[in-house]
1. Please work out how much accessible surface A:ARG126 shows to a 1.4 Å probe, ignoring ligands, DNA and RNA, in Å² rounded to 10.
2. A:THR94: accessible area at probe 1.4 Å, nearest 10 Å²?
3. In region A:221-259, what residues drop by 30 Å² or more of accessible area when the other protein chains are put back, versus the chain on its own? Use 1.4 Å, and skip ligands and nucleic acids.
4. If the reach is capped at under 13 angstrom between alpha carbons, list the aspartates and glutamates near B:LYS191, excluding any in the same chain fewer than eight residues apart.
5. Assuming R0 = 45 Å, can you tell me the calculated FRET efficiency for the pair A:CYS179 and B:SER169, based on Cβ-Cβ distance, to the nearest 0.05?
6. If the chain between A:GLU129 and A:GLU52 were fully stretched, how many nm would it gain, using 0.36 nm times the residue separation less the Cα-Cα distance?
7. Just the number, please: percent antiparallel of the DSSP beta bridges in the protein assembly as shown, rounded to the nearest 5.
8. Show me you know the interface measure: the accessible area buried between B and A, both chains summed, probe 1.4 Å, in Å² to the nearest 100.
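The values are calculated or read from the model by the stated rules, or taken from the named source; none is laboratory data. If you're wondering where the values come from, they're calculated on a predicted model, not measured in any experiment. Here the Cβ positions follow ideal geometry from the backbone for every residue, glycine too, while neighbour counts run over all protein chains shown. The protein model used for the area step is the full one, side chains on, heavy atoms only, and it has no ligands, DNA or RNA in it. Shrake-Rupley method; radii C 1.70, N 1.55, O 1.52, S 1.80 Å.
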Amino acid sequence: MRNILAIAKVVLVEMYRRKEFYVLFILTVVICLIMGSINIFNDKQVIRYLKELCLLLIWVSSLIIAITMTARQIPAEREQRTLLPLLAKPLSRTQLILGKFLGCWLVCGMCLICFYLFFGALAASREHEWPLMHYLQAAFLHWMALGVVVAMSLLGSLVFAAPSSNSTICFSICAAIMCLGRYLDEIALSLHEPGRSLVYGIYYAIPHLEIPFAMRNLIIHDWPLIEWKFVWLAAFYLVGYMAVFLAAACLVFRRKTVN
Amino acid sequence: MSVILKTEKLRVEFKNRELGQMTKVALQGLDLEVSAGEVFGFLGPNGAGKTTTINVLLGFVQPTSGNASLFGIDVRQPIARRRIGYLPELTYYYKFLTAEELLRFYAEIFGLRRAEADKRIDEALKLVELDSARKRLIKTYSKGMQQRVGLAQALINNPDLLILDEPTSGLDPLGRMKVRSIIQRLKNEGKTVFFSSHELGEVETVCDRVAIVADGNLKAAGSVHAIMQGHPTLEKAFLSIVGCQN
């Protein structure tokens, strides 16, 4: 555990000293502020559209941070040859993978705190209320979804040669799941065999990231809170997928020649 | 004296995935033993298998067959690396960390307590003369300074076995002298040093025993004096053993 935490700490320091998060955050803030200043048709309900767009921007920015940061971890270590002195220490490859995952996931968590705090301040400035528990539920499942994305990117970084290809593939998969994931069962019903079985197989195999994505509606439409037992159920479901991707990453990395 | 580094019939093959290309055999049944307290030179021409041997000892590469152990522990176990320090040929470290942060990170991995880590970091940085630059980011360091950071990280856990891959490669004469003096100091402390090098003059000066490999095979092993029997210099003995005539 000590080794995993040490590696996670280094990932946090790296992200703190690199500038990418700050650029994305400032960009997101500027776009949201510009949108927040718009008053269309004097519609007092325009805040709902503002919230929807802001949350979409937050999701896109957080996915970019999660995927690009994680996709670069192992390949950058190999390319810069920092992997060799690291693996020459009493550190297993599994610990390295878990440390990288934990570091990247924690960075995502910190980014989400910044994003949601800013979003909350922006929304509160218009609505004069702050439904904290709604934000907590949405942010928590958002963070769990990013955990799945980080684990998937980490596996991709060991399978694909270039971080750019890994990032593109991961981003495409995430976008496809969020946009089409919930419709796959309906698509399957409209097909004949073997297409139906294939699409059903995909439907049950993929991590349904559209569930946390849909939690935005809690904030946008001021829906009542979801019972916490269902939130924890969704969280355990996502943790299951994290475990699957991480186990696959450990298996792939174990046999890889690093020099 | 106890054997702390051992390979038995070590064979490493790299399969070439391109069609029609043969499998490359990097090591063909290497048998090697290094005893505690000696400075051991591992010599060979380019492509002989020196770095592959070191890669197997450190767990970077899985052997095709045969065994390798450090302190009696199979090299595939991470715990086998608890008492070793390693300096790679090309030294690159996290550019976004300072030297002190890097050493503290490695000290954590070795499980050193805070107080002991602080002491070891101070000692290592003083030894490699980087104490004044400890708070600077590594990306601001010159090549020589990065090499010295490499040496510092190899010594952070006060290792019983130091594995150095071409330690004087790219260093100026002052840097080479510094590395030689560190190796001599470690030897006086009873540590074991295993290093590969092309600088035969240095090997002749500091090593107790040497092994010469070529084409993945062990050609000769023994004391420097025994290897040099009948030859005026280690270089001439080396050329004779690997089959090159003047």
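1. 90 Å²
2. Approximately 50 Å² of A:THR94 is accessible to the 1.4 Å probe.
3. A:ARG255, A:THR257, A:ASN259
4. In chain and number order, the partners are B:GLU38, B:ASP160, B:ASP208.
5. 0.25
6. Taking A:GLU129 through A:GLU52 to full extension adds about 26.0 nm, to one decimal.
7. So the antiparallel bridges in the protein assembly as shown amount to around 60 percent.
8. 2700 Å²
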